[in-house]
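Each remark here refers to the structure printed beneath this line.
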Amino acid sequence: MGDFMSAIGVAVSAGIVLILRSRVPNSNRYTMYIDPLISLFIAAVILIPTIPLVIRICKVLMQAAPEHINVTQLLSDMKAMEGVKSVQEMHVWSMLRGDKVVGSVHLVLHSAATATATGNGSSNSPAVDARIQMQQVMRRAKKLFYSSGVQFCTVQVEFHVEEEQLLPSQLEELHIDDAAEEEHVENAPLIDK
């Protein structure tokens, strides 16, 4: 379409200049503006339809949430799920032409001890009950994504653990890991620029 418009514009401007120069005396000072004006018109005709396409491409590249997905409602539904303490991250974006919608969420559940204490009275071990609870929350989160129009999703689930819930050996291990990480950062080599 742009090439066709350019060819027509060149032909029209050449025809106008030829006619004006042959029939109107001293028309040179006016005819030199015809070609740039028609070129600007052709550029506008080509650029105006591309603006929505550029906006849509920018939204895909910036991973913006599609307009047809109510992210605020989806986030509040995730927070309202049974067993969910908090939603650390939730991201919804469209891929390619915008027809594929992807979502990811990181959910923090109430501690495993709380989950098993208020559990369903099963005779499973606490680890099995915790795993069952995680799977149930993941299934509910995926259903929420799918019902909102998200075709592909990733759900990450973890339990919130208070330090007072840890055994002394686990607490000691946690602090040893923190100390090792701090030592690693302090002894990291400096890079000269």
Extreme residue, modelled with the lowest pLDDT, among residues of region 135-165 that are open to solvent by less than 50 Å² (accessible area, probe 1.4 Å) and not β-branched (Val, Ile, Thr): Phe159
Condition broken by Leu74, with the remaining ones in (1) open to solvent by 90 Å² or more (accessible area, probe 1.4 Å); (2) in contact with a Ser or Thr (Cβ under 7 Å, 6 or more places away or on another chain); (3) within 30 Å of Ser111 (Cβ to Cβ) satisfied: (1)
Selection within region 38-64 - in contact with a strand residue (DSSP E or B) (Cβ under 7 Å, 6 or more places away or on another chain) and open to solvent by 50 Å² or more (accessible area, probe 1.4 Å): Gln63
Residues of region 120-134 satisfying the condition of being of a type in the set (S, T, N, Q) and either surrounded by fewer than 13 Cβ atoms within 10 Å (Cβ to Cβ) or modelled with pLDDT of 75 or more (or both): Asn120, Ser122, Ser123, Ser125, Gln133
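The values are calculated or read from the model by the stated rules, or taken from the named source; none is laboratory data. The structure presented is a predicted model; accordingly, all values stated were derived computationally and were not measured. So basically every Cβ, Gly included, is an ideal-geometry build from the backbone, and we count neighbours across all protein chains shown. Just the protein is used for accessible areas: all its heavy atoms, side chains included, with ligands, DNA and RNA removed. Shrake-Rupley method; radii C 1.70, N 1.55, O 1.52, S 1.80 Å.
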